[in-house]
Every structure is written in C-alpha cells, then in structure tokens.
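Readers should treat all values here as calculations from the given coordinates under stated rules, not as data from a laboratory. Note that the structure is predicted; figures quoted are calculated from it, not measured. FYI the Cβ positions are ideal-geometry reconstructions off the backbone, even for glycines, and counts take in every protein chain you see.
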Ligand SMILES: NC(=O)c1ccc[n+]([C@@H]2O[C@H](COP(=O)([O-])OP(=O)(O)OC[C@H]3O[C@@H](n4cnc5c(N)ncnc54)[C@H](O)[C@@H]3O)[C@@H](O)[C@H]2O)c1
C-alpha cells in the first residue's frame, strides 16, 4: 500500500487557539494526511469540543500531557501547542516517547532550553519542527525566490518592520498572554522570532552581530486618562475617546475590520466597507451566504480568546470579569511597545528590524535595496503585495501575494502542516522549509537582541553567550552540534 494513502496518526497537546483552531482544521480538511487520535487539554470544554470534532474516543482524552505521554506512543506525531512557558517539558517527554514533534514557537523562553530541545531531538532520533508559519506563505516564498534569483543584484540594505496594530498590542501584549516577559517571553522573541527566521532565509545570509533599543513607553499607569477605573466597564470617563476601550474593541471589532479594509482588495474589501458603515445590512443578508454569516456573527480570533463561546452576552461577561476588560494603563504588563534591532549580516549587509505596537493597521513592511534594484513589500491582515523596481530599465513588476491564502497567517498554517506530514512520511526533517537548526538560530538572534537592549551593547552572535559549533554544511541544515549545554 502506498504510505501516502495512510494518514499519519497525531496527538495534540493543548487544544487552544493554535492547536484547536489553526492545526485541528487542517486534519479535518485533509483526512488522507493526518488524523488526531488523542488529545491532552485541561479545559474540559475545549477537550470535549476537539475530541468530538476529531472523533477521539474517551480513553484517548486526557487532562494533561503527563497523562497522555505516560501511555505507550499512540501515533507517530505530537503537536505541542501549550503556552510559551509550557513548551519544554512536554516536548522533551514526547521526543523520548518516540513522537516526532511539531512545536509552537517560541521553542522555549530561554536559550539553554532551546538547545536542550534540539539535543533531545538528535538523541532520540525524532524530528522536531518549529511553527515558523511565515516561511510557508506565498508572500515570503516569492520574496525569497526574487532575492535568490539575483534580480536585485547584491543586496546592500534591508529595512523590515513589524507594525503591530494598536488593538492587537493591547489584546496580546498588554492585557493578554504575552504581556509579561517573566510569565511568557520577551516581546522580540514572542512577536518577532518569525521575522528573525525569515530575514536570514530570504537574504541567504547569517546575522553576525546586532544592537537594539526599545522600551515600554505608553501602556503605563501614568498615561491613564484622568479618573479611569481599573476596568473599562466601570464607568470610564474616556469611553468615547480611548482607542483601547474594550467594548469598542471586542463588541464592535471596528479596528479589526478597518485594518482588514485598509490592506484588502476586491470583493472582500467592498463587503467589509459596507459592513463598517451598515452592519445591519450584512446581518440582513447573512443567511444567504456563509461568508456574510461568518462576518456578521464573527466568532474567531481575537474574540475566541475571551470566551470559548463568544456570544454577545458571554463577551460582555468576559469584559466585566476577565483580563481583556482591564484598563490598558492598569495591567501587569512589562513587555516593550517598541523595539529596533540593527544587525550586520555576513558580507557587510545592514539589516534593520523595527517592531512597534502603535500601528493603525496590522501589517509587515519590507524594503530591500540591491545594486540592481529595489524590492518593496507589504504583508497585511487583509492583503499583501511585492513590488520590484529595476534600476537600469526602470521596469516595475508588482505581485499580488495575498490572493487565495486560505488558512491563517496568509495560508502559512496549513502549508506548514502539509510540510510536517510530508517530512514524517519521507522520514527526513530536512525536506521542511525551516529546519530545527534554522529555527534555533532565529531564537538565538532574539535572545541576543534582548540582551543587547537590556545591556545597551553590541552582541556578536558567534562569540557572545551560547554558541553553535557549525560546519559550513550545518549552516543550512539540521545537523547542529552543540557546545556547552
Ligand atoms: N506560530 C504562530 O504564528 C503562533 C501564533 C500565535 C501563538 N503562537 C504560540 O502558540 C502557543 C499556544 O498559543 P495559543 O494562543 O493557542 O494559547 P492557548 O492558551 O489558546 O492554548 C494553550 C492550551 O494549552 C492548554 N494547556 C495548559 N496546560 C496544559 C497541560 N498540562 N497539558 C495539555 N494542555 C495544556 C491550555 O488549557 C490551552 O487550551 C503559544 O506558545 C504561542 O506563543 C504561535
């Protein structure tokens, strides 16, 4: 029998946003490729909901990863989709139990744990993949191809920015799961390890040294509007003017749709424009189309984070009593709201990565200047494009890289799952677009950037802190040997 006709059997650890809603649907849409046979999730509702969608028998439903992994391996693959600080132990245990692992980013919140994971994968002869979904998007694949084709000549200077929308910043990094570096990860790791993974890959060069500045400037008690209470719903005098007023963000979702409209194109943009002006009209016609129904009765991220059943009543209750109804100036957040990393890549190439949480829209921008041309790009919530201008001919080529993206992260979520399944079937992790060695490198760059920011100095990646001992071949493949772990 052709092994490709038999789905691989997978277990899920953590059936939250990513496990349940990003990767779970891939298995439902591609039953010939992967089947979830077990789940570990402490939240009973989430566990049962995932189990019922994937027809997982009761005996394979567990409250914790410890219980699941205490059993002999139930399949070939384990997806570890717990929170950042809960990645290391279940991954080590899963690798030891014989599973190939797909682990959410960041691999771990400290360098030595990242290295331990790579080592465990090698020692147990099991594949370890990290969810660097952006490598699997059409947008960044095309950017990689354009640079590698030599069309821009030699690349000299790069400016890449991650513009986190003000409402996303408030949601995830002020009120939400990644607000506090001690409880999750530094912002440069949590938000930008994808960018630090993309840049060396697209450019085909490695980072040699970097420096960084950044701090938390705005989301602090001294910036609270006069008289603002601890919760938005407790009679905040700034309810009509504050851009972070929780009911405006979560009940109307106006900024989310605006971000989408500003970067989308075609019929989707038109529908969204109508929705912003006359939501009642879209609601009226919503029974006629699944797309209109999805929009009018939106239940996905970010509202799905507030409650598993985001009805208007449940959302209101979540705002009254949960973390997402807190005043943004009175939270226990400490991660930066802006940071710049200046890097020197091999060959003297200068690369700047900027991240900030005060953008009007949610999008990444890239400018790459070469000796023969320039590349400009935008990767947005609603749409994406790349433009190349050639110096001598003045020829301009524009690519729409946002069309038909399907799953989350510009289609990257599903493409990543497809690559993971393919690597397991082939028995070769090297066929995936991000190898674990490359993922590790992006994480080490993030730790170095945080160290540079905190200590106010230039950090050399090969000489400072934890090092990778590489051969030239290792630089592009997985065979990383470790020193000093
Ligand atoms: N690849 C990406 O682009 C991307 C995007 C967003 C988030 N993430 C990462 O994905 C991870 C998960 O994020 P999320 O938003 O899905 O979080 P989440 O909180 O929605 O999901 C985590 C789940 O793990 C469960 N859990 C807790 N303890 C457990 C245990 N002992 N055993 C089994 N399950 C347990 C929780 O109950 C929860 O349902 C995080 O590390 C996050 O940084 C990655």
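Tell me, what are the semi-axes, in whole angstrom and largest first, of the equivalent ellipsoid of the stretch 312-355 as set by the roots of 5 times the Cα gyration tensor eigenvalues? Walk me through the intermediate numbers first.
On the way: eigenvalues 340, 29, 8 Å².
Ellipsoid semi-axes (Å, largest first): 41, 12, 6.
Would you mind ranking 105, 151 so that the residue whose beta carbon has the fewest other beta carbons within 10 Å leads the list?
Working: 105 23, 151 15.
Listing 105, 151 from fewest to most nearby Cβ atoms yields 151, 105.
In which sequence would 390, 41, 123, 415 go, from the one with the fewest C-beta neighbours within 10 Å to the one with the most?
Working: 390 16, 41 27, 123 10, 415 22.
Exposure proxy ranking, most exposed first: 123, 390, 415, 41.
On the principal axes of its Cα set, how long, how wide and how thick is the stretch 235-328? Give whole Å, largest value first.
38, 27, 20
Sequence gap at least 6, Cα distance under 8 Å: using those rules, report the relative contact order of the stretch 236-325 to the nearest whole percent. Before the final figure, lay out the partial values.
Values: 57 pairs, mean separation 22.1, N = 90.
Once normalised by length, the contact order is 25 percent.
Stretched out fully, how many nm does the piece from residue 71 to residue 276 gain, at 0.36 nm a residue minus the Cα gap? Please list the in-between numbers first.
Values: separation 205, 0.36 × 205 = 73.80 nm, distance 5.10 nm.
Full-extension gain reported as 68.7 nm.
Looking at the chain only, what percent of DSSP beta bridges run antiparallel? Nearest 5 please. Each step should come with its number before you reach the end.
Working: 47 of 74 bridges.
Counting only bridges with both partners in the chain, antiparallel ones make up about 65 percent.
Restricting things to alpha carbons, tell me how big the stretch 17-119 is in terms of Rg and Dmax, in Å.
Considering the stretch 17-119 through its Cα atoms, Rg and Dmax are 13.3, 38 Å.
So what's the stretch 326-388 giving for Rg/Rh, alpha carbon basis, Kirkwood Rh from the mean inverse pair distance?
Rg divided by Rh gives 1.10.
Which percent of Cα pairs goes in each bin when the distances of the stretch 34-83 are cut into 5 angstrom slices starting at zero?
Binned Cα distances yield the sequence 5, 21, 36, 29, 10, 0.
I need the P(r) histogram for the stretch 290-404: all alpha carbon pairs, bin width 10 Å from 0 out to the longest distance, whole percents.
10, 23, 29, 20, 13, 4, 0
Any idea what diffusion coefficient the stretch 128-202 gets from Stokes-Einstein, in µm²/s, Kirkwood Rh on alpha carbon pairs, 4 °C, 1.567 mPa s? Kindly include the intermediate steps, with their values, before the conclusion.
Values: Rh = 14.4 Å.
Rounded, D is 90 µm²/s.
Hey, rough spin-label estimate for residue 83 and residue 220, points 7 angstrom out along Cα→Cβ, what's it come to in nanometres?
Reported label-point gap for residue 83 and residue 220 is 2.5 nm.
Hey, what does the equivalent ellipsoid look like for the stretch 53-104, semi-axes from the Cα gyration tensor as sqrt of 5 times each eigenvalue, largest first, whole Å?
Values: eigenvalues 61, 33, 23 Å².
Taking √(5λ) for each eigenvalue gives 17, 13, 11 Å, largest first.
Please compute the alpha carbon radius of gyration of the chain, then divide it by the globular-protein estimate 2.2 N^0.38 Å. Two decimals is fine. Present the calculation step by step, with values, prior to reporting the outcome.
On the way: Rg = 22.6 Å, N = 485, 2.2 N^0.38 = 23.1 Å.
Here the answer is 0.98, to two decimals.
For the pair residue 360/residue 309, report the inter-label distance in nm, with labels modelled 7 Å from Cα in the Cβ direction.
4.0
With the contact rule set at Cα under 8 Å and sequence spacing of 6 or more, what percent relative contact order holds for the chain? Could the numbers behind the result be given before it?
Working: 945 pairs, mean separation 102.6, N = 485.
It comes to 21 percent, rounded to a whole number.
Find the relative contact order for the stretch 1-115 and round it to a whole percent, using C-alpha pairs within less than 8 Å whose residues are 6+ positions apart. Working shown, then result.
On the way: 207 pairs, mean separation 29.7, N = 115.
Answer for the stretch 1-115 is 26 percent.
Could you put 216, 249 in order, starting from the residue whose Cβ has the fewest other Cβ atoms within 10 Å? Each step should come with its number before you reach the end.
Working: 216 18, 249 26.
By the 10 Å Cβ count, ascending, the order reads 216, 249.
Measuring from the lowest to the highest alpha carbon on each principal axis, how far does the stretch 177-285 reach, largest first, in angstroms?
55, 44, 20
In units of 2.2 N^0.38 Å, what is the alpha-carbon radius of gyration of the stretch 58-201?
1.24
If you project the alpha carbons of the stretch 78-147 onto the principal axes, what extent comes out on each, in Å, largest first?
Ordered largest first, the stretch 78-147 gives principal extents of 40, 24, 20 Å.
Divide by every residue of the chain the summed helix terms, -39500 (n - 2.57) for each DSSP H run of at least 4, and state the resulting mean residue ellipticity at 222 nm, rounded to the nearest 500 deg cm²/dmol.
Numbers: 16 runs with 157 residues, N = 485.
Computed mean residue ellipticity for the chain: -9500 deg cm²/dmol.
If you build the convex hull over the alpha carbons only and average its shadow over all orientations, what do you get for the stretch 334-463? Give it in nm² to one decimal. Kindly include the intermediate steps, with their values, before the conclusion.
Details: hull surface 46.3 nm².
Result: a mean projected hull area of 11.6 nm².
Could the peptides 188-199, 91-102, 272-283 be put in order, highest first, of the mean number of other beta-carbon atoms found within 10 Å of their residues?
Result, highest mean first: 188-199, 91-102, 272-283.
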